[in-house]
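To start, the structure itself, in C-alpha cells.
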Amino acid sequence: MKQLPKWLLWGLIIVSFIGFLDATYLTILHYTGADALCAIGGCNEVLTSEYSIIFGIPMALLGAIYYLSVFLLSVFYYESRNAKVLKILSLYTIAGLLASAYFVYLQLFVIGKICQYCMLSATTSTILFIFGRYIKSYKS
Amino acid sequence: MGKKIFIWASTVIVIIASIYLMGNLVGGGPVASPSEVSADDWKAGNLEASVVLLEYGDFQCPACASRHPMVKNLLAEFGDHMTYIYRHFPLSIHNFANISAAAAEAAGKQGQFFEMQDLLYTNQTTWVNSVVPEDMFVSYATDLGLNVSQFVQDMNSSDTAALVREDLKSANKANLPGTPTFFLSGEMIRPGSEGAFRTLIRNAIEAAS
C-alpha cells in the first residue's frame, strides 16, 4: 500500500488543528457567556442563536470534538502508519462537510447574519473534506 | 518506542496549551463597571439612596439561589438606605435561564417582579427538575394573583426576550466572571458570608451619610 504523502498528512494535522482552535474558542465563549471579538457584525447573534445548541450540547463543542478527533487520528497515522485510520478519516470528513454546509445555510438563509468563526470552520472542514477525497485515492 | 512517547506527549501538551490559550483570549480581561442605573432596571429599597447594590443573577444558577436569602435579609435590614437592583445574566449553560428571566419580567409588568424573583429562587430545585418549568411559572403567577393569560403572553413575547437580552449584553460588556455578581455602588464585591456582606453594605451606607 502506498503511504500518504507528507504534504497531505501535515495538511490534515495543521488544518484540523486550526479548526480545533477555532471551535475551542467558540466553546469557551459559549460556556462563559462572553461576547466574541467580531471583525464583521453579527457573529454574536449567530453564536447565541437557537441553532447554536443541539440536544443541550453546543455545536461549538461538537465541532471541537470533531476537529480534535481528526487531529488525533492524523497524529496516530503519522505515528503508526496504520491504513485503517485513513479509511476512518476519509469517511469522517464527509460528516464535517455536511455539518458545515448546514451551518452556512443557517447563517445565510435562516439567521441572516455571518459569523466569521463559523465561516473559518466551514473553510477548514471543506479543506479536510478535499484531503479526505485525496486519501481515498491513495488507498485504492 | 521513545519516538512514540515523544509524539503523543507533545500532542497532549499542544492540545492543553491551546485550550488554555483560547480560555485566556475569552475571559482574561478585567471586570468593568456595569452600565449606569437605567429606568428599565428593577429596583427595590430606597430608590433615592446613593448606595446601590446591583446583582446580576440567573434564576437557574444554584449559587444565586443560595445567596438569595442573604440578599433578602440585607434588603430588609438596609432597604431604607440603599437601592437594590436586579439584572439578568442568563448563562447559556442553563436551558431555562432565559424563560425564567422572562417569567420574572412578565410578573414585573404586573408590578410583581421581586415577588416572582423570590418564588423562582426559593423554588429553584422544584421547577428546574419539573417536566415543563413554564407550567410552574404559571402556577407561581396564579399564586401571586396575576392576570395569568397576560402573564403567559408577556413571558413568551419577543419584547420580554429583548429586555432580558439587554441585561445580558450589559453583563457581557462588563466582562462579568459569572453569577451571581454583585456591585456595591459600581464596585464589584465578593462577600464570602452574610456577615461580610453586611459589613460591606453598612460601611458603604455610613460613608455615604
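The values are calculated or read from the model by the stated rules, or taken from the named source; none is laboratory data. Keep in mind the model is a prediction, meaning the values are calculated, not measured. Every residue, glycine as well, gets a Cβ built from its backbone with ideal geometry; the counts of neighbours run over all protein chains shown.
Please specify each residue of the stretch B:78-102 satisfying the condition of being small (G, A, S) and over 14 Å from the mean Cα position of the chain (by Cα). Spell out how you get there, then give the answer.
Narrowing the stretch B:78-102 to residues small (G, A, S): B:79, B:92, B:97, B:100-102.
The answer is B:G79, and nothing else.
Please go through the stretch B:150-197 and give me each residue that is in contact with a Leu (Cβ under 8 Å, 6 or more places away or on another chain), within 13 Å of chain A (Cβ to nearest Cβ) and not small (G, A, S), ordered by number.
B:T179 - this is the single residue of the stretch B:150-197 that is in contact with a Leu (Cβ under 8 Å, 6 or more places away or on another chain), within 13 Å of chain A (Cβ to nearest Cβ) and not small (G, A, S).
Examine the stretch A:13-26 for a residue that is at pLDDT below 90, within 14 Å of chain B (Cβ to nearest Cβ) and under 30 Å from B:D58 (Cα atoms), and state whether such a residue exists.
Residues of the stretch A:13-26 that are at pLDDT below 90, as a first pass: A:25-26.
Still in the running and within 14 Å of chain B (Cβ to nearest Cβ): A:25-26.
Adding the requirement that they be under 30 Å from B:D58 (Cα atoms) leaves A:25-26.
Checking the stretch A:13-26: at least one residue is at pLDDT below 90, within 14 Å of chain B (Cβ to nearest Cβ) and under 30 Å from B:D58 (Cα atoms).
All but one of (1) surrounded by 17 or more Cβ atoms within 10 Å (Cβ to Cβ); (2) over 30 Å from B:E187 (Cβ atoms) hold for B:S130; state the number of the condition that does not hold.
Here B:S130 meets the rest and fails (1).
Output the residues belonging to the stretch B:120-141 that are hydroxyl-bearing (S, T, Y) and either assigned to a helix (DSSP H, G or I) or modelled with pLDDT of 95 or more (or both). Before you say what the answer is, go through the steps one by one.
Pass one, the stretch B:120-141, residues hydroxyl-bearing (S, T, Y): B:121-122, B:125-126, B:130, B:139-140.
Correct list: B:Y121, B:T122, B:T125, B:T126, B:S139, B:Y140.
Identify the residue in the stretch B:177-189 that is under 21 Å from B:F59 (Cβ atoms) and outside any strand (DSSP E or B) and, among all such residues, is modelled with the highest pLDDT.
B:P180
Please go through the stretch B:96-111 and give me each residue that is assigned to a loop (DSSP other than H, G, I, E, B) and in contact (Cβ under 8 Å) with a residue 24 or more places away in the chain, ordered by number. Before you say what the answer is, go through the steps one by one.
Within the stretch B:96-111, the subset assigned to a loop (DSSP other than H, G, I, E, B) is B:96, B:110-111.
Once the filter is applied, which keeps residues that are assigned to a loop (DSSP other than H, G, I, E, B) and in contact (Cβ under 8 Å) with a residue 24 or more places away in the chain, the stretch B:96-111 yields B:F96, B:Q110.
Tell me, which helices (runs of 4 or more DSSP H) wholly within the stretch A:52-140 include 3 or more residues that are away from every other protein chain (no Cβ under 14 Å) and buried (at least 16 other Cβ atoms within 10 Å of the Cβ)?
Values: elements: A:59-80, A:83-105, A:116-139.
Once the helices (runs of 4 or more DSSP H) in the stretch A:52-140 are filtered for at least 3 residues that are away from every other protein chain (no Cβ under 14 Å) and buried (at least 16 other Cβ atoms within 10 Å of the Cβ), what remains is A:83-105, A:116-139.
What is the one condition in (1) at negative phi; (2) more than 14 Å from chain A (Cβ to nearest Cβ) that B:V128 does not satisfy?
So the condition that B:V128 fails would be (2).
Each row is one residue, and each column tells you yes or no for (1) closer than 25 Å to A:T48 by Cα; (2) buried (at least 21 other Cβ atoms within 10 Å of the Cβ); (3) at the interface with another protein chain (Cβ under 10 Å from one of its Cβ atoms); (4) at pLDDT 90 or above.
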residue	(1), (2), (3), (4)
B:A9	no, no, no, yes
B:Y56	yes, yes, no, yes
B:C61	yes, yes, no, no
B:L74	no, yes, no, yes
B:R87	yes, yes, no, yes
B:I93	yes, no, yes, no
B:Q110	no, no, no, yes
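For the stretch B:69-92, give me each residue that is farther than 21 Å from B:I205 by Cβ and in contact with a Pro (Cβ under 9 Å, 6 or more places away or on another chain).
The first filter runs over the stretch B:69-92 and keeps only residues farther than 21 Å from B:I205 by Cβ, leaving B:87-92.
Those that are farther than 21 Å from B:I205 by Cβ and in contact with a Pro (Cβ under 9 Å, 6 or more places away or on another chain): B:R87, B:F89, B:S92.
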